[in-house]
Amino acid sequence: MLYVSTRGQSRPQTFSQILLGGLAPDGGLYLPESYPRIGADELAAMRGMDYAALAQAILSRYADDIAAADLKDLIQRTYTAQTYCNVRPGSDAADITPLSTLEPGLHILQLSNGPTLAFKDMAMQLLGNLFEYVLAREGQHLNILGATSGDTGSSAEYAMRGKRGIRVFMLSPLGKMSRFQTAQMFSLQDPNIFNIAVRGVFDDCQDIVKAVSNDHAFKAQHAIGTVNSINWARVAAQIVYYFKGYFAATQNNDQQVSFCVPSGNFGNVCAGHIARMMGLPIRQLIVATNENDVLDEFFRSGVYRPRVAAETLHTSSPSMDISKASNFERFAFDLAGRDATCVRAWWGEVDQGRAFDAKQGGYFDRVADYGFVSGSSSHADRLATIRMVWEKYGTMIDTHTADGIKVGLEKRDPGVPLVCLETALPAKFEDAIRAALGREPERPAAMAGLEALPQRSVSMDNDAAAVKAYIAQNC
C-alpha cells in the first residue's frame, strides 16, 4: 500500500514513512492510492470479531510494511479492558466501544472510555505505540508538534508520555478550553511533554503547525512529526469503530446504518467516509457542527469558506470551535475525482483566506453519492438536547455529543438505525452540564481533584517563529 498527496506533487510513500511525517512536502494530506474493498465474505467474518481482531483485519490493509505479528502485538497491547476501563454501568470494558441503545433504532457508540475520557483516545493510544515501534526500528527520534481545541492535546500527551525517543509540543488556544481539558494537559509533569498556550483561537494554532511543517529545513533538522488528524494513522485507526458500531447496531450485513458525527476538523467523519468507500453499508454520514458551521455551510451550499480568527466563536462545545477543517481536504480530493490539480486550485484559494465553490465544474453534485448531509446546533440546542436525553433515557451526554444527536435526529432517514458517535464524557464540561441539568456530572475516581493539581505551560503570541525557537531550545 502506497500513499499519495492530495496535491499530487509528492512522491508516493509507505505507511511507516508517512506515519512520522504528517503533512506531505507539497502541503497536501496523504491518502492511500486506492481504498481496499471489503467483500461480502470478509464482512461476514468480521461480524464475529472482537475489537482488537477487527482492528487487525482493517489496519493490516493499510500498514502492510509492518510485520503482521508486530502489528498484531501493537494492536493487542493497545485495545485492552485495562486501558478502556471508564465504562458506564451495564457496559463491558472488554467490548472497548460498547453500543448504548436509547430506544430501538437510536444508539450511542461509547468512544470515551479511554484514559482522557474522549474519543481521540481510540486512535491516539495506538499512535503512541506505533510511533515508539517505528522509531526504535529505524533508530530515530521524533518531536511531535500538535494543535488542540480541547481533546486531541490530552489524548496525545497521555499516549506519548514516557515514550522513548518522543517529545510532544502541544499548542492550545489560551483560555479557550474547559477547565477540565486544560488541567488534563497542563498538570502532566512528564519531562517529554511541553504545553504552549497561544494567544488566539484553535485555527491560529493549527496554522502554526502547518507553517512549521511546511518549513522543510526546520522540519528535517528537528525531526518534526504530528499527531493531529492530518496524520493518516489516526484516521485509519478511527475507521475500525465504524465497523464495530455497524455490527453492534445490526443483525445482518444486508442492513444499512446512518452515523451522526460531531465535527470540527473533519477527521472523525472522514474515517466514516473511508469505511463507506471500503464497502461498509452506511446510508448517511450526518455532519453536525456547532455555531462554527463552515462544514454545514459547505454541505448546504457547495461553498467552503473558512473563517478568520475574529469570526470563530467560543462555544460550549469548544472542541469543535474550528473554522478551517484540515481533514476536509481528504474528502475534497475524492469529491474532485482525485484530481490533484483541482485540489491545488481550491486550497490555493483557502491558503489565501478565500473561499472556493465546488458547484463550479459540477463537483458539488456528487456529494449525495457519498451519503453526506449536515446541520448545525446552538448553545440552547445543546442544553435542550442534554436535558431531553437525560429525562427521556436516563443517559447523560456531553455538549459535543448533544450537537450530534440534535442534528442526527433532524436529518436521519426513517427506518434506518442511527448511531451517534460519542465525543467525550460529560465530566469534561461541568459548566454546561450544570446549566442543563442543575447537577454535577460524575467523573472517574482517578480524575478527582484534577483542576487543583499544579499546572505547567508557557504562553506565546500567535507567532510561528517563536514556536520554532521554543522547540529548538527544548528538543
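Read-outs throughout are calculated quantities, based only on the coordinates presented, and are distinct from any laboratory measurement. Since we're looking at a predicted model, the values are computed, not measured. In this analysis, Cβ positions are derived from the backbone assuming ideal geometry, glycine residues included, and neighbour counts consider all displayed protein chains.
Numbers below:
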{"read-out": "³J(HN,Hα), Karplus 6.51/-1.76/1.60, whole Hz, each residue of segment 336-350, x for Gly, Pro", "value": "7, x, 6, 8, 5, 4, 5, 5, 4, 5, 4, 7, x, 6, 4"}
{"read-out": "Ranked packing of 69-77, 141-149, most packed first, by mean Cβ within 10 Å", "value": "141-149, 69-77"}
{"read-out": "HN-Hα J in Hz across segment 323-333 - Karplus 6.51, -1.76, 1.60, θ = phi - 60°, x for Gly and Pro", "value": "10, 10, 8, 3, 6, 4, 4, 5, 5, 4, 4"}
{"read-out": "Placed amide H near G225: partners under 5 Å, 5+ positions off or other chain", "value": "N143, I144, L145"}
{"read-out": "Along each principal axis, Cα extent of segment 89-142, largest first, Å", "value": "52, 17, 16"}
{"read-out": "Potential lengthening between A81 and L2 on full extension [0.36 nm per residue; Cα-Cα distance subtracted]", "value": "25.1 nm"}
{"read-out": "Rough spin-label spacing in nm, given labels placed 7 Å along Cα→Cβ, for A466 and H141", "value": "2.6 nm"}
{"read-out": "Magnitude of the charge dipole, the chain, Cβ model with Lys/Arg +1 and Asp/Glu -1, debye to 20", "value": "360 debye"}
{"read-out": "Distance between modelled label sites at A57 and A93, nm, 7 Å Cα→Cβ extension", "value": "2.6 nm"}
{"read-out": "Label zone at S301 (point 7 Å along Cα-to-Cβ), backbone N below 20 Å, segment 335-354", "value": "346-354"}
{"read-out": "Segment 230-323: Cα Rg divided by the 2.2 N^0.38 Å rule of thumb", "value": "1.19"}
{"read-out": "Derived scalar couplings ³J(HN,Hα) [segment 207-213; Karplus, 6.51 cos²θ - 1.76 cosθ + 1.60; whole Hz; x for Gly, Pro]", "value": "5, 5, 4, 5, 5, 5, 5"}
{"read-out": "Length added when fully stretched, F218-D73, from 0.36 nm per residue minus Cα-Cα", "value": "48.8 nm"}
{"read-out": "Alpha-carbon centroids, segment 420-475 and segment 231-266: separation in whole Å", "value": "26 Å"}
{"read-out": "Theoretical gain in end-to-end length, Q189 to D431 [0.36 nm per residue, Cα-Cα removed]", "value": "84.5 nm"}
{"read-out": "Average silhouette area of segment 149-206, convex hull of alpha-carbon atoms, in square nanometres", "value": "3.6 nm²"}
{"read-out": "Estimated Rh, segment 414-475: Kirkwood, alpha-carbon pairs, angstrom", "value": "16.3 Å"}
{"read-out": "E103 paired with K392, simple spin-label distance in nm, labels 7 Å along Cα-to-beta-carbon", "value": "0.5 nm"}
{"read-out": "Estimated 222 nm signal from helices in the chain, with DSSP H stretches of n ≥ 4 weighted -39500 (n - 2.57), rounded to 500", "value": "-12000 deg cm²/dmol"}
{"read-out": "Overall dimensions of the chain by Cα: Rg and Dmax, Å", "value": "20.5, 58"}
